[in-house]
Amino acid sequence: MSATRRAAVVGVYTTEQGKRLGRTKVSLELEAIKGALADAGLAHTDVDGLSPLLAEPWSKTHMYWAEQLGERPITYIGTGQGEGAVAKAAGAISAGTCNVALAWVAHAGGGNAPGSKAVPTAAPRMPDFHWEIQGAYMTPLYALWAQRYMHEFGVSSEDLAQVAVIHRDHAVLNPDSVMGRKGPVTVEDVVSSRMVADPLHLLDCSIENDGGYALVLAAEDIAKDCRNTAVWVLGGAEATATDVYQTFNNPWFPEEGKSVRRCTDMAFDIAGVSRSEIDVANLYDCFTITMLRNLEEMGFCKIGEGADYVREGHTKLGGSMPCNTDGGLLSNSHNGNPSGMSVIEVVRQLRGECGERQVPGARIGLALGQGGSVHGLASTVVLAHD
């Protein structure tokens, strides 16, 4: 990312998050976009760059949204996960191809839960080279990953469960979380919840719900006049490795890591900060096993030591690096493509807006999104306020 111009996140917004909101995807998108622009104190006519958080058809991205934002030419930056989209938008601003960039996504109805999709009644029932022919997809594949990890490193179901317990404790302090109102859970609650795919119990798995969110980024000369504290993008990157939900390569947990390791190393190199300087983080936690592996892959502990790191209290509020302070995907929200929610929570922490769950003196934050198989696709961004 060029250092020609600094770029900052200047506006964030989340709609209501919940199951069966009775809203359309577009209505949630529009609410989120308007809200993020209002948070920044900017108008829709100020936007001259688009970085959607999900790949949309070419015509929709370039024509529909250009029309909604003022029917004028707008730079298309490209899609990405929440962290990747923020990094790309910051890079476009730094390079001078736009001044105010918008990233957004929304999800309404449907989803990935069992029974949420119609079963085709005739062949071909799925595309060529598709993971579902092997009965794979998300939960079974992560379950295999968890089984192998537990076998290799002597990790128990109770070790996994502590992640869900901590993230629910954080969600209880977040009035906007989906699960916080249900109250805290214990390790026993997690391991006694119904088995979804051995060894993953129901409370080891992320929730699924409707909702939308948006982020606005701006160049430094604009950011300094925006309504709220500017949160600067210090560095960010995306990486990919392995195919999608079909293959595990030996070794399953290589020392050199995969996409999470690569994009995190690049983000820290670009940002010019060290891991020890991170005050608050929000890491992708689609399953409890994912949180442990991400802590390891990102270099906060060694491979096989993620459970010990969590047990020592590092990721709790009051720990050395509080993580997923909104409740994460396990207890806050998983709205189709939720990686940008991680960025929003870090931004709010760095702006000091998180109330009971606020990390005191938070100055430098980190967000990670991953998916597209267990560590197949990943994006990392490092953020800070002056």
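Every number in this text was worked out from the coordinates using simple rules, so none of it is lab data. Values in this document were obtained by computation on a predicted structure and should not be read as measured data. Heads up, the Cβs are rebuilt from the backbone with ideal geometry, glycines too, and the neighbour counts pull from every protein chain shown.
Nearest 10 degrees is fine. How inclined is helix 157-172 to the longest principal axis of the chain, computing both from alpha carbons?
30 degrees
Order these peptides, 333-345, 28-40, by their mean beta-carbon neighbour count within 10 angstrom, highest first.
Values: 333-345: 26.8, 28-40: 21.2.
Averaged packing, sorted descending, gives the order 333-345, 28-40.
Want the number for Thr97 to His314: 0.36 nm per residue separation, take away the alpha-carbon distance, what's left? Could you put the intermediate results ahead of the total?
On the way: separation 217, 0.36 × 217 = 78.12 nm, distance 4.01 nm.
Result: 74.1 nm gained on full extension.
What are the ³J(HN,Hα) couplings of the range 81-95, residue after residue, when phi is run through the Karplus curve with 6.51, -1.76, 1.60 and θ = phi - 60°? Round to Hz, x for glycine and proline.
In residue order, the calculated couplings are 4, x, 5, x, 5, 5, 5, 5, 5, 4, x, 5, 5, 4, 7 Hz.
Given the range 345-386, report the % of alpha carbon pairs whose separation exceeds 15 Å.
Numbers: 413 of 861 pairs.
It works out to 48 percent of all Cα pairs.
In square nanometres, what is the average projected area of the Cα convex hull of the range 196-334? Could you put the intermediate results ahead of the total?
Working: hull surface 42.8 nm².
Seen from a random direction, the Cα hull of the range 196-334 projects 10.7 nm² on average.
For the range 7-107, would you read off the P(r) tail past 23 Å as a percentage of all alpha carbon pairs?
Summing the P(r) of the range 7-107 above 23 Å gives 19 percent of all pairs.
Please list the non-local residues whose amide H lies under 5 Å from the amide H of Thr75, H modeled 1.01 Å from N, same-chain partners needing a gap of 5 or more.
Long-range HN contacts for Thr75: Gly49, Leu50.
Amide H neighbours of Val196 under 5 Å, counting only residues 5+ apart in sequence or on other chains, H built in-plane at 1.01 Å?
His201, Leu202
Using alpha carbons only, how many degrees (0 to 90, rounded to 10) separate the axis of helix 339-350 from the longest principal axis of the chain?
70 degrees
Using only Cα positions of the chain, each an equal point scatterer, no hydration layer, compute I(q)/I(0) via Debye at q = 0.08 Å⁻¹ and quote the log10 values to two decimals.
Those come out to -0.38, one per q.
What FRET efficiency, computed as 1/(1 + (r/R0)^6) with R0 = 45 Å and r the Cβ-Cβ distance, is obtained for Lys34 and Asp198, rounded to the nearest 0.05?
Numbers: r = 45 Å, r/R0 = 0.99.
The formula returns an efficiency of 0.50 here.
Assuming 0.36 nm per residue, please report the length gained on full extension of the stretch Arg5 to Glu356 beyond their Cα-Cα distance. Mind showing how you got there, number by number?
Numbers: separation 351, 0.36 × 351 = 126.36 nm, distance 3.49 nm.
Fully extending the segment from Arg5 to Glu356 adds 122.9 nm.
Residues with amide H under 5 Å of Gly41's amide H, sequence separation 5 or more or different chain, H placed in the peptide plane at 1.01 Å from N; which?
Excluding prolines and chain starts, which carry no amide H, the hits are Arg227.
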